[in-house]
Every structure is written in structure tokens, then in C-alpha cells.
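What follows is calculated from the coordinates using simple rules that are stated; it is not laboratory data. Computed from a prediction, not measured in an experiment: that's the story for all the values here. Note that we place each Cβ from the backbone using ideal geometry, even for glycine, and neighbour counts take in every protein chain shown.
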Amino acid sequence: MVDFEKIIPREYTYPRAAAQLAEGEKEQCFAEAAALLKEHNAAVIAHYYCNADVQELAEKTGGFIGDSLEMAKWGRKSPFDTLIVCGVRFMGETAKILSPEKRILMPSLSAECSLDLGCPGEEFSRFCDENPDRTVVVYANTSAAVKARADWVVTSSIALELVEYLSSRGEKILWAPDRHLGAYIERMTGADMLRWQAHCVVHDEFKAQALEKLRAAYPDAAVLVHPESPAAVVAQADVVGSTSQLIRRASSLPQKTLIVATDSGIFYRLRQACPDKEMIIAPTGGEGATCKSCAHCPWMAMNGVKEIRAALTASDTASYEIQVPEDVRRGALVSLNRLLEFSDDLASGKIPRTRK
Ligand code: 13P
Ligand code: SF4
């Protein structure tokens, strides 16, 4: 039996965040980074949780900002030789798995994710071996080795549809690693799910009682929640979804105030999508609670424009370049390709959409 209490760390030592650019240095830093990107035929792919200046650089230099599924898709079809993946390590690995011919650099290879760290390959493999009758579905926030052991990879933007689809075929699911997202999918789909118990250090900190109080103070606000949050927070949401889904839905909501339970990096794009709305981050420190990762992922915060510049000027790129052993890459490619095909089939209508 896998003992989650023993495997999943309770505490993490957080890294130092990248310095934000001061107004006075921004123009020159951007110009230098843009020239380097051009010289290397490179593009920046940034997740919505990155610092605003990283997202702005991606936007101004022909790169891309998106959720984890969109980042993977964009990277795969982009014509650039080098991709600078600004996010956390599993996002860089995913880019490498899908585009082995490209050079994948990250501003820091130490940008982890507590879901990935909370689901080590060996223990996960044992969990799968103990439950051979279950279809193994893992969240994208996992190592390449865990993906290689899985039947399917999903992102939060597509998890409900995929599990509904598998469940309708009579399949029982083994889910990993996020406990809240897994429980949410189980509640929404009624699927038979055996769930790993890791958590996201950012979303796990949102506090339901404090959110209730905030809603009472802003009774006309809409509440937007990422499903990695605890069930009692999700239960208060007007919209639950992946980062892209939250941004898309926000602009069509009639409410002028948004309470947002996800990483505050999302405000960069959310403000562009809804310039006339007031945005408030959901509370992370309830009464008596402590918060060490207050609505901003400590590993996403390692991505900075100066670090991008350093990766592109390094004489030896080994400390920036993502490598995935070929046998692991091939294994992970199978489950990732299933995700991408499933996503294409949903978009084309080949598989009917069960949700908005
Ligand atoms: P998305 O798939 O919604 O981009 O989320 C990734 C992530 O790391 C959320 O914490
Ligand atoms: Fe992982 Fe949470 Fe950071 Fe997303 S926000 S990368 S799930 S630790």
C-alpha cells in the first residue's frame, strides 16, 4: 500500500524569486532580450502565472502566453529552433517530449511544482502496479517518468470531458496527483476514481471561511476558482475552470467585480480581457492560518526577463536546457499524444462536448 503521508512533503523550501524589472531598466532589458531571441530564432512561451514583465516580453516578441495545454500545442507547431519555456519544469519537459528536435531552455531548471514533487515516479509506479484494473490518468503537472507510466495525460481544461468519456466506456480511473482536482472531477462526473493525494501549494491555501466573508463584503462580485482549490472554495464559485477558461468566461460575466482564487499572475491577462472590472484576489490567510505561498507560485516566480537573457547568452546552456532521456520521452509521448488527439477531437466535434 502506498503511504501518502510518508511520500508527500508537507513543507517546501522555496527558492528566491526573480527580480522584477525596475521601470528605468525595462526598455533596455526588453530590447536586449528581443535581439537575442531573434539571433537564436527563439520564442518565449509563458504561463499565465509568470510575472507580468515575462508575459509582456512574450507578447511583444512574437511568443505566446497560455495555459499548460495551449503552451504545449503552441510549442509543438511553432517554427522556432529554440523555445524559452517560462513556467515550471513539467512545462519545459512537455515541450521537449513533443518537440525533441527543438532546444528547450528554461530561465531556471529548479522551477518545480509541488504536484510533481508530491508524486515521485517509483512510488507512483507501485501504486499503478497495485491497481492494474484501472486506467491511469495523470495531470500534466507531473514528471516525464510519471507521464510515461500513464495511459492518459490531462490538463485542467479538459479533465472533466476525458474522465466522463473514459467512465462512459466503463473504465475505472486511477488519478494522480492533485487531490482537490481529483475530488472535483469525481464529484462532477461520478466516475469511479482512486486518487493520489498531493496538493498545489498555491491553491491549497485559499480559505473558504475568509472567502465567505469577502463575498459578504462584495455581494455583487463573481467568484472565479481554479479546481486545484479545496472543495469548500470551489463550492462558492460562479465559474470553475483552467486558467484560460477563467479568462474567457470573465469577460462575458455581467458582474463588475471579480474575486479570483488562483495565482495572481493571471491578473496580467485578466485585466487585458476585462479592463473595466475590479479584481480581488481570494483570501489565502484565514483567521489563525499561515500562508507561505500567498496566491503566487514560488517556482513560477523564478522566471524573469534577466534570467531569459542569461539563458540566451550562456556559453554553456547545460544549466538552462531541458533534457529528457529518450526511452522516457517516447513513453510520455504516447499519453501526451492521446491528450492532444482527444483535445482535437473535441474541437472538431468528433467527440461531442459535454461541457461549455
Ligand atoms: P492550467 O492548466 O490551468 O494552466 O494550470 C496549470 C497549473 O499549474 C495550475 O496551478
Ligand atoms: Fe504547481 Fe501549484 Fe505552482 Fe501550478 S501553481 S505550478 S500546480 S505549485
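Which one of Ala31, Ala301, Ala159 has the biggest mean-square fluctuation once the chain is modelled by GNM with Cα springs under 10 Å?
Ala31
Which of Phe64, Phe80, Pro254 sits closest to the plus end of the dipole of the chain, meaning its Cα is farthest towards the positive end, when Lys and Arg get +1 and Asp and Glu get -1 on the C-beta?
So the residue furthest toward the plus end is Pro254.
Once you order the gyration tensor axes a ≥ b ≥ c over the Cα atoms, which shape class does the stretch 1-96 get: rounded for a/c under 1.5, otherwise prolate or oblate by comparing a/b with b/c?
Oblate is the answer for the stretch 1-96, as a/c is 1.5 or above yet b/c matches or exceeds a/b.
Can you give the calculated 222 nm mean residue ellipticity of the chain, where each DSSP H run of n ≥ 4 adds -39,500 (n - 2.57) and the sum is split over every residue, rounded to the nearest 500 deg cm²/dmol?
-12500 deg cm²/dmol
Based on the Cβ-Cβ distance from Arg126 to Arg330, what FRET efficiency comes out when R0 is 25 Å, to the nearest 0.05?
So, using R0 = 25 Å, E works out to roughly 0.70.
Please provide three numbers in whole Å: the alpha-carbon extents of the stretch 241-356 along the principal axes, with the largest listed first.
Cα spread of the stretch 241-356 along its principal axes, largest to smallest: 49, 43, 32 Å.
With springs only between Cα atoms under 10 Å apart, run a GNM on the chain and tell me which of Val328, Val146, Val225 wobbles the most.
Comparing Val328, Val146, Val225 in a Gaussian network model of the chain, the most mobile one is Val328.
Pick from Asp238, Asp129, Asp151: which is most flexible by mean-square fluctuation in a GNM of the chain where alpha carbon atoms under 10 Å apart are linked?
Highest fluctuation of the listed residues: Asp129.
In the structure shown, do any of Lys73/Lys277; Lys60/Lys306; Lys60/Lys147 have a Cα-Cα gap over 21 Å, and if so which?
Distance filter (> 21 Å) returns Lys73/Lys277; Lys60/Lys147.
Magnitude of the Cβ-charge dipole of the stretch 1-76, K/R +1 and D/E -1, about the Cα centre, nearest 20 debye?
The dipole magnitude comes to about 260 debye.
In the chain, if the dipole is taken from +1 on Lys/Arg beta carbons and -1 on Asp/Glu beta carbons about the Cα centre, which of Ser167, Ala43, Val138 is farthest to the positive end?
Positive-most Cα among the choices belongs to Ser167.
By its C-alpha gyration tensor, with a ≥ b ≥ c as the square roots of the eigenvalues, how is the stretch 183-234 shaped: rounded for a/c under 1.5, else prolate for a/b larger than b/c, else oblate?
Because a/c hits 1.5 or more and a/b exceeds b/c, the stretch 183-234 counts as prolate.
List the lysines whose alpha-carbon lies under 20 Å from that of Lys213, not counting same-chain residues fewer than 8 positions away?
Candidates past the 8-residue exclusion: Lys256.
Under a straight-distance cross-link criterion of Cα-Cα below 14 Å, which aspartates and glutamates are reachable from Lys350, leaving out those fewer than 8 residues away in the same chain?
Excluding near neighbours in sequence, the set is Glu161, Glu341.
If I take all pairs of Cα atoms in the chain, what percentage of them are more than 33 Å from each other?
26
In terms of the Cα gyration tensor, with a ≥ b ≥ c the square roots of its eigenvalues, is the stretch 216-263 rounded because a/c is under 1.5, prolate because a/b exceeds b/c, or oblate?
Here the stretch 216-263 falls in the oblate category.
Length gain on complete extension for the stretch Ala314 to Arg187, per 0.36 nm per residue less the alpha carbon to alpha carbon distance?
40.9 nm
With +1 on each Lys and Arg Cβ and -1 on each Asp and Glu Cβ, how big is the dipole of the stretch 137-185 about its Cα centre, in debye rounded to the nearest 20?
The calculation lands at about 160 debye.
With +1 assigned to the C-beta of every Lys and Arg and -1 to the C-beta of every Asp and Glu, and no other charges, what is the dipole magnitude of the chain about the Cα centre in debye, to the nearest 20?
Charge dipole, the chain, about its Cα centre: 660 debye, nearest 20.
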